Amino acid sequence: MPELTNQIEPAPPQAMRQSQRWMLLAAAAVSSACGLAIELLLGTLASYLVGNQALAFGIAIGGFLAAMGLGSYLSRFVAVDDNPKQLLLRFIQVELAIAPFSFLVPIALFALFTIDAPFWIALVFSTIILGTLAGMEVPILTRMLEKDEGVRGAVSSILALDYIGALVGSLAFPLLLLPVFGMFPTAAVIASLPAFMVYGLGRVFSGVKFWQRVGLFSALFLCAIAPFTNQISDRLENNLYQAPIISRQQSPYQRIVLTRQGRDVRLFLDGDLQLSTLDEYRYHEALVHPAMAMVMASNPERRLNVLLMGAGDGMAMREILKWSNLDKVTLIDLDPAVVQLAKRHPVLLEANQQSFDDPRVRVQIGDALKLAPKLQEKFDVIIADFPDPDRDVLAKLYSKGFYQALGRRLVDDGVLVTQASSSFFAPKVLACIHTTLQAAGFEARPYVAEVPSFGPWGFVMARSQAIAVEGLKLPIETRFLTEGLMKGLFELPKDVAMGGVEVNRLSRPVILKYQDNPRWSAYD
């Protein structure tokens with residue numbers, strides 16, 4: 001009598017239906033899109049909170065890819081059995097682990113930052129976990145398809161959809177998800193997609209009805225909670241500022257926040273202070289009027305055509321419009337959201353004196369690096385009021401190549417002036433801009449003005465002719481600047497020295513290391 005056993009001979013594997021094959025390929029695309037999108041989100045969040053864009057995206061993307069290699073290796077231990085149903089179950093479980101983790105990580109990182117916890121360590125740890133889970137997806141899907149298509153067919157099919165998904169995710173995040181939903185609702189939307197995919201897999205594969213219901217519930221829950229994440233993030237964001245927030249929005253380019261404490265309204269872009277309504281007039285008068293006076297010195301009757309770059313808040317525009325001999329001022333700003341806020345918010349409208357309503361003002365939205373050199377006209381004064389060069393995308397606006405292009409848009413005796421960061425906390429930035437303008441063929445002179453919200457602040461004036469600051473006239477009303485003080489601005493403090501720096505170039509943005517000065521910790 002043969003010995004009885006509890007072992008059951010497995011049924012021969014059935015051929016995969018076309019609908020099942022396409023669902024697995026769709027899962028590969030969705031998984032890749034979600035993985036890349038969430039890492040872009042983490043890099044954007046880290047850049048917003050702690051700056052250092054290169055490091056933030058290096059950790060988020062590089063760490064994720066490295067962890068995917070670990071996940072690919074570990075997949076052999078997670079899914080030991082090559083039974084298609086067992087592989088499908090493991091894939092579903094991986095997706096259901098990725099979904100809540102993708103949702104919770106951004107909010108958790110934000111919360112850690114607000115309590116001054118070790119943010120970078122948490123970012124690395126989170127990236128490794130997400131990358132490890134994502135790295136298991138492709139090997140498991142490939143093993144499921146190879147029984148029908150062979151190894152070569154399975155790998156080529158999966159990787160093709162994987163790369164397409166990566167492209168979709170990399171474009172959908174900056175162009176659609178972030179501007180439409182905002183940072184944390186986007187995390188919930190991204191997290192819901194793997195859960196919806198689990199539901200879809202349950203529709204075409206038998207034996208996973210329980211997990212199908214879990215996937216549907218998880219996806220619906222994440223979509224339902226997405227709008228409420230703004231309330232959570234708003235409460236956390238309130239802790240980042242010393243005054244109540246009266247306006248906040250996420251544009252495709254930056255986080256825009258207005259705070260108010262009594263009469264002091266402050267504008268922040270990506271967490272960096274841009275202005276305080278209590279003292280912004282000091283900054284903007286120092287930025288605008290020395291250059292305007294310099295051009296007028298040779299011919300008090302000349303008509304002025306001015307190019308203003310950055311400064312979408314309208315404050316510098318207000319100062320330019322004080323000059324009665326102004327014919328036209330053209331503003332180029334990258335972010336239409338800042339311009340619209342300046343045109344509509346009552347506090348900013350009062351501060352900028354509704355400068356955008358003046359018929360002499362023309363506004364162009366776009367990247368000044370690309371737009372300014374293409375302008376057909378020439379300008380008497382070019383004013384650059386860009387954010388500090390603490391990221392690659394901003395460093396290019398302080399480069400030799402860009403300054404040379406701007407020089408071709410100046411009239412022969414025209415003047416270029418740029419803000420140049422803190423002369424105390426980042427003195428080498430001031431020196432670098434001065435050196436770069438000289439390398440671009442200009443005569444350049446730095447100067448410094450005191451702005452209480454910022455401390456001593458640097459500017460650099462440049463032109464093709466010698467710069468003589470004696471006898472400049474100021475035939476307009478000001479609150480801070482006088483003719484005598486205007487000359488005194490060019491007398492640099494003894495601890496602010498020019499030289500000893502490299503030229504900032506598009507191909508080598510050395511200004512980033514000069515901006516990253518440990519002295520800033522005293523300011524924070």
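The values are calculated or read from the model by the stated rules, or taken from the named source; none is laboratory data. These numbers come from a predicted model, not from an experiment. So basically every Cβ, Gly included, is an ideal-geometry build from the backbone, and we count neighbours across all protein chains shown.
General remarks:
- Within the range 345-393, the set of residues being free of Cβ contacts under 8 Å to residues at least 40 places away in the same chain and crowded, with 18+ Cβ neighbours inside 10 Å comprises N352, L369.
- Criterion (within 18 Å of L506 (Cα to Cα) and in contact with a strand residue (DSSP E or B) (Cβ under 8 Å, 6 or more places away or on another chain)) met by exactly one of L430, L410: L430
- Residue list for the range 140-166, filter: within 26 Å of the chain's Cα centre (by Cα), loosely packed, with under 14 Cβ neighbours inside 10 Å and not hydroxyl-bearing (S, T, Y): none
- Taken together, F454, F442, F425 contain a single residue that is closer than 21 Å to F379 by Cβ and hydrophobic (A, V, I, L, M, F, W, C), which is F442.
- Each residue in the range 319-342 was checked for being farther than 14 Å from I246 by Cβ and within 23 Å of the chain's Cα centre (by Cα), and 11 of them qualify.
- Of all residues assigned to the range 461-470, at least one qualifies as being under 22 Å from P509 (Cα atoms) and modelled with pLDDT of 95 or more.
- Unique match (being farther than 29 Å from V50 by Cβ and of a type in the set (A, V, I, L, M)) among A191, A172, A154: A154
- Spans of strands (runs of 3 or more DSSP E) in the range 215-312 with at least 1 residues free of Cβ contacts under 8 Å to residues at least 40 places away in the same chain and under 25 Å from P456 (Cβ atoms): 255-261, 264-269
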